[in-house]
Each structure stands twice: as C-alpha cells, then as structure tokens.
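The structure appears below as structure tokens.
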Amino acid sequence: MPLNVTRSAFVRLLLLAAGIGPLTAAQAQAQPPIVIKFSHVVATDTPKGKAADHFARRAAELTGGKVRVEVFPNSQLYRDKEEMEALQLGAVQMLAPSLSKFAPLGVKEFEVFDLPFIFDNPQELQKVTNGPVGQALLGKLETRGITGLAYWNNGFKVMSANRPLKTVADYQGLRMRIQSSKVLGAQMRALKATPQVLAFSETYAALQNGSVDGTENPPSNLYTQRMHEVQKHVSLTYHGYLGYAVVVNKRFWDGLPKDIRAALTQAMAEATQVANESASKDNQAALVAIRASGKTQIHQPSAAERAQLKAALLTVHKEMAGRIGDETIQDIYQATGFHAPRPH
C-alpha cells in the first residue's frame, strides 16, 4: 500500500478498479420494479377489464416505472373459488372479486349487495359505496389479511334463459346459474327455480350443453362471454346489482413505501372512474350488439311484470336478515331511503 494512501482509501481504490462501488444514478434506477399480480375472471373488454388495464398503465406512470402491474384476465391464473386463497397467501397481490366472494371468508355482510331490488338506481348504490356504509364494510376485511381499496361498478343484472321470462311463473323449474351466494340461492328459490353454483369461466359451456338453463348477468358480461349465443331470451329485469371490490394483500400493501402507496391510490381512483363510466356505456352497447346478433330476443318488462317480480323477490330481504345482519340491511335502507314493503 502506498505510504500516502490511507487503508480505507486504498480499499475504495481496489473496489473501483474491480468495478465494485457505490450505485450510480443509472444503476439505482435499474433496480427491479415492484411487481403487482392482478388477477380477475372476466374479459379485458368489460368494465372491470378496462379498469384493471388502466390501473396498470397509471401505476407505472405515476411511480416512474417503480411499479409494474401484471394483469391476468379471464381466469388465466385462478378461478372464482381459488383466487381469494391465492391473495391471502400472497401468490397474487390484487383482485377485484364480486362482492359475494367475501362471505366465505366470514364477512357475510357483503352479501347485502346481492339482495334483489335493494337498489333502484345507480344513485342509490353510490350513496352506499361512496359513503360510510361502504367504507365500514371494506374495513371488515382487514382482519382477514385483506385491504379494500375501491368499489367497481358493473351495473345491474338481467335474466336470461332459452324460454321467455315475462312472469314469475316462467322461472319455475329452471336451473339458473348463480355465483356462490346464499342470497342468490334464496333469490332463485323465491322464483321456484333451482340455483346452480358455477364458476364464471364454466358458465358458457354449461349453458351450451344444457346442464343449466339460464343465468343472470349485466349485459356486458352476457355479451363478452358470448352467452347470448346460447340463450334465446333476455329479460331486462335489472333486479340485482353486480359489483366488485378491488382488494390487495394487506401485508404487501402495508409494506410499500408511503410515496408508492400514494401513487397507487391515485391510480386506483382514476381506474375506479373508468370502471364506473364504462359500466353504463358498455352495458348499453352490449344490448345493442345482442339485438343486432339476431340470436336473442330481448324483453322489456311492463310495469306490472316488474312489480310482480319485485314482490316475489323482496321476501328474500327478510329471509336473509339473520345471515347478513339486519343492522347492515337497515343501514342501507337508511342510506338509500329504501322503504321496506309492509307485510300482508
């Protein structure tokens, strides 16, 4: 070692000569990005699919490339029953499951969104999802290792089958595909139909081979999954709501740097707007496309037909109060101004 060089300086010289030294700015920027795997079960051209892709783009932009969101649509990674466990285990970081998927975790209050005719219009729905009731429900997921970020709308559901669905009697005996939800099961039984729980990815094949007779979906799901090709009749009942909660693994989310979380929160707010605006536009466009296909007849229920269906289905509110929690139902009634039907 030269006499005029200290030991520490000499070590630095050796390291630099070997190409080992402090990270340059370029090297620091080359650090691998944080990867978020975002799995969902619907097509990319649905409101959920568009919003997920928008979130991925904005997350990269707002974090300067520090985050990369990898979106896996159409059950590419996990089907309905598998995805929640994958999230809790950390195999994926983000999901946007339908709200009824949280009941199997023990948070049965989310099934309140499955109650038929609990929302008469999107404005009533937004009073709940954007207000304290909706936020309190998301908060119940924390103890399950899940953080709720947002509600994404997919619109109101229509009924479909291979026979006309005009009166309550028309549903009798039909095998109707539903998501895994005790409330939706009760809904179909109230119509004297037989509920059949099937994964979303399996529904088209089941309708095609006749193992189920019909289903309920927002028009955009019906069209993008080509279900209208194997369903001769659609009735615009708009009896129930289908929405999603965007959720993230809590440990992963809490472990992110604050600036990254802030950027992702902004990206999620923008994606939520995309989802909710797309839902209305896409459902209307899907109905136009279904009509144009000539494969499905669309029925607009009369006021009397809708009143009959509503009367038959509102019985489910009382039947499910013990499961969902009457307090949760009453909270939504109060938020929306819903007037429960008087007993006869």
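Bear in mind that the values in this text are calculations on the coordinates, not laboratory data. The structure presented is a predicted model; accordingly, all values stated were derived computationally and were not measured. Because the Cβ atoms are built from the backbone with ideal geometry, glycine has one as well, and the counts that use them run over all protein chains shown.
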Distance between segment 153-203 and segment 107-128 - C-alpha centres, whole angstrom = 18
Filter the cross-link list LYS127/LYS192; LYS37/LYS310; LYS37/LYS295; LYS37/LYS232; LYS108/LYS295; LYS48/LYS108 down to pairs whose alpha-carbon distance in this structure exceeds 30 Å.
-> LYS127/LYS192; LYS37/LYS310; LYS37/LYS295; LYS37/LYS232; LYS108/LYS295
Nearest 0.05, what FRET efficiency do ARG291 and LYS258 give at R0 = 51 Å with Cβ-Cβ as r?
-> 0.55
Report the full-extension gain for the segment LYS318 to LYS166: residue separation times 0.36 nm, less the Cα-Cα distance, to one decimal in nm.
-> 52.2 nm
When you count, for each residue, the other Cβ atoms within 10 Å and take the mean per peptide, how do 221-231, 162-172 rank with the highest first?
-> 221-231, 162-172
Placed amide H near ILE34: partners under 5 Å, 5+ positions off or other chain | VAL67, ARG68
Total charge dipole magnitude, segment 23-336, about the Cα centre, Cβ charges on Lys, Arg, Asp, Glu only, Debye to nearest 20 | 380
Among GLY134, GLY49, GLY106, residue whose mean-square fluctuation peaks in a GNM of the chain (springs only between Cα atoms under 10 Å) = GLY106
Name the most mobile residue of THR215, THR315, THR46, meaning the one with the largest mean-square fluctuation, in a Gaussian network model of the chain with Cα contacts below 10 Å.
-> THR315
Coarse-grained scattering of segment 203-344 at q = 0.12, 0.17, 0.20 Å⁻¹, given as base-10 log I(q)/I(0) from a Debye sum over alpha-carbon atoms | -0.78, -1.15, -1.22
